[in-house]
Amino acid sequence: MDTTPKTWRLRVELDDSPGALARVTVRLAHQDCNVLALSVMPVPGGVLDELVVQAGPGVLPADLVDAVRAEGGRCVGITAADVRDLVDAPTAALRAAARALRDPSTTAEALRTVLGADSVTIEPDDAEPVASAVLQTTSSAIGGAAAIKRGWAPFTQVELARGEALIDLLSAAGVAAPRPTALLTDDGMALVLRPGRAGDEEAVAELHSRCSMGTLFNRYHSGMRTVPRRWLHRLLSPPRGSTVVAQCADRVVAMGQLIPMSTPDSAEVSLLVEDGWQGRGVGTALLGSLAGAARAAGYRELVGWCLPAETGLVRTAARAGLPTSVRREDGLLRVSIAADGPRVTAPGPVESASRQVASG
């Protein structure tokens, strides 16, 4: 039996009477639960209490909900929590805003932090809404509508106002949404590098279907032939990370991801390039784009995981002018790439393939 204490985040509605919250916390204490953080949010007709609770061994989420009900309250939502939930909302919002000011490509992630959302994607204003809430804005800071989702609890008006305030701040500071970047390969083919979005799910599924088994195995280290549908959204909107896709006409031919690791200076990087586009500088351009985003976000190291016989990522980093070091770890190669290293375009065929110009 797992005896490790679990940490949970609860939103609770209580009667507006003296001692109601105190009675809930006392009942939780009787179940060996420790309230680590508490915040109060005004909602129409009253307030909503949010608690971060460390539950003792054997205490289940249902037990926490029952404890709230026993004191006449209602649990609006409950979800697993981590140490990031112990940072107070103003501090988290300021840090998120600072990251977005340094690197506009992290605006969606900054909104996700401020809103406490499961995911945030930036969609064109005329896109079909598929989220639990949408922040409509004409601000150039996000370049569309922010489609926000959260499964465990509905958004409050206070939270939505925080998101709108962040967008206003970025707009006032002159932050503009990242613009697509044109890429010309050595053989004259034109591509566009841009952030991934929810509407790319079908194109990304087709990308995987066109990749060979070897390419997919090198990326996922498993014998999968197609990507499960439930993965598509996470691939395009990774938690606390970002995705860049390379598009030719209406096809996505490559994609790269940047996902923060547990160490604050490091982020994991991964690339997938369709077989027919390999060796033409597309991976080099993707890695260069992700390294730039990593530097802007304050990361010093990119980490990629490769099979022992696969050296493609090392070669790609060398072409992008990014120093690497390699060591074996858990049966794989851990490729450490210096995100803030010298950025020198390698000579040869890749040189023209990696030239990028801002599109109009």
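Tell me yes or no: at least one residue of the stretch 44-52 is closer than 23 Å to residue 260 by Cβ, touching a Ser or Thr at 6+ places or on another chain (Cβ under 8 Å) and modelled with pLDDT of 85 or more.
Applying the first criterion (closer than 23 Å to residue 260 by Cβ) to the stretch 44-52 yields 52.
Among the residues that remain, those that are also touching a Ser or Thr at 6+ places or on another chain (Cβ under 8 Å) are: 52.
Subsequent filtering for residues that are modelled with pLDDT of 85 or more retains 52.
Yes: the stretch 44-52 contains one or more residues that are closer than 23 Å to residue 260 by Cβ, touching a Ser or Thr at 6+ places or on another chain (Cβ under 8 Å) and modelled with pLDDT of 85 or more.
Just wondering, is there one or more residues in the stretch 269-277 that are surrounded by fewer than 16 Cβ atoms within 10 Å (Cβ to Cβ) and assigned by TED's automatic domain parsing to the domain that holds residue 212? So that I can check it myself, show each step before the final result.
The initial filter retains those residues of the stretch 269-277 that are surrounded by fewer than 16 Cβ atoms within 10 Å (Cβ to Cβ), namely 275-276.
Cutting the leftovers down to assigned by TED's automatic domain parsing to the domain that holds residue 212 gives us 275-276.
Checking the stretch 269-277: at least one residue is surrounded by fewer than 16 Cβ atoms within 10 Å (Cβ to Cβ) and assigned by TED's automatic domain parsing to the domain that holds residue 212.
What number goes with the only condition from (1) in contact (Cβ under 8 Å) with a residue 60 or more places away in the chain; (2) in the same structural domain as residue 151 (by TED's automatic domain parsing); (3) loosely packed, with under 14 Cβ neighbours inside 10 Å; (4) of a type outside the set (S, T, N, Q) that residue 96 does not pass?
(3)
So, of the residues in the stretch 101-113 that are of a type in the set (A, V, I, L, M, F, W, C) and under 13 Å from the mean Cα position of the chain (by Cα), which turns out to be nearest to residue 298 (Cα to Cα)? Even if it seems obvious, please write down each step before you answer.
Filtering the stretch 101-113 for residues of a type in the set (A, V, I, L, M, F, W, C) gives 101, 108, 110-111.
Next, only the ones that are under 13 Å from the mean Cα position of the chain (by Cα) stay: 108, 110-111.
Details: 108: 17, 110: 14, 111: 18 Å.
Here the answer is 110.
Tally up the residues in the stretch 208-243 that are outside any helix (DSSP H, G or I), in contact with a strand residue (DSSP E or B) (Cβ under 8 Å, 6 or more places away or on another chain) and either among the hydrophobic types (A, V, I, L, M, F, W, C) or touching a residue at least 60 places away in the same chain (Cβ under 8 Å) (or both), please.
Within the stretch 208-243, the first condition is being outside any helix (DSSP H, G or I), and the residues that meet it are 211-212, 221-228, 237-243.
After this cut, where a residue has to be in contact with a strand residue (DSSP E or B) (Cβ under 8 Å, 6 or more places away or on another chain) as well, the list is 211, 221, 237-243.
So of that shortlist, the ones also either among the hydrophobic types (A, V, I, L, M, F, W, C) or touching a residue at least 60 places away in the same chain (Cβ under 8 Å) (or both) come out as 211, 221, 237, 239-242.
The total comes to 7.
For residue 256, all conditions in the list (1) crowded, with 23+ Cβ neighbours inside 10 Å; (2) farther than 23 Å from residue 99 by Cα hold save one; what is the number of the exception?
(2)
Quick check on my filter: what residues within the stretch 44-87 are over 25 Å from residue 114 (Cβ atoms), assigned to a strand (DSSP E or B) and out of contact with any Lys or Arg (no Cβ under 8 Å at 6 or more places or on another chain)? Step through it out loud before you land on a result.
As a first pass, look at the stretch 44-87 and keep what is over 25 Å from residue 114 (Cβ atoms): 55-74.
Among the residues that remain, those that are also assigned to a strand (DSSP E or B) are: 55, 74.
Listed by number, the list holds a single entry, 74.
Scan the stretch 218-238 and tell me whether some residue there is at pLDDT 90 or above and in contact with a Gly (Cβ under 9 Å, 6 or more places away or on another chain).
Looking through the stretch 218-238, at least one residue is at pLDDT 90 or above and in contact with a Gly (Cβ under 9 Å, 6 or more places away or on another chain).
When you check residue 258 against the structure, is it in a strand (DSSP E or B) and either in the same structural domain as residue 317 (by TED's automatic domain parsing) or charged (D, E, K, R) (or both), yes or no?
On the way: in a strand (DSSP E or B): yes; either in the same structural domain as residue 317 (by TED's automatic domain parsing) or charged (D, E, K, R) (or both): yes.
For residue 258, the condition - in a strand (DSSP E or B) and either in the same structural domain as residue 317 (by TED's automatic domain parsing) or charged (D, E, K, R) (or both) - is met.
Here's the yes/no breakdown for (1) touching a residue at least 12 places away in the same chain (Cβ under 8 Å); (2) surrounded by 15 or more Cβ atoms within 10 Å (Cβ to Cβ):
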position	(1), (2)
12	yes, yes
15	yes, no
19	no, no
34	yes, no
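Among the residues of the stretch 73-85, how many are out of contact with any Phe, Trp or Tyr (no Cβ under 8 Å at 6 or more places or on another chain) and exposed (fewer than 13 other Cβ atoms within 10 Å of the Cβ)? So that I can check it myself, show each step before the final result.
First pass over the stretch 73-85, keeping only residues out of contact with any Phe, Trp or Tyr (no Cβ under 8 Å at 6 or more places or on another chain): 73-76, 82-85.
Now restrict to residues that are exposed (fewer than 13 other Cβ atoms within 10 Å of the Cβ): 74, 82-84.
Final tally of qualifying residues: 4.
Being more than 20 Å from residue 190 (Cα to Cα), at pLDDT 95 or above and out of contact with any Pro (no Cβ under 6 Å at 6 or more places or on another chain) narrows it down to one residue among 273, 303; which is it?
On the way: 273 fails: more than 20 Å from residue 190 (Cα to Cα).
On inspection, the qualifying residue turns out to be 303.
The values are calculated or read from the model by the stated rules, or taken from the named source; none is laboratory data. Remember, it's a predicted structure, so these values are computed and weren't measured experimentally. Cβ atoms come from the backbone with ideal geometry, glycine included; neighbour counts cover every protein chain shown.
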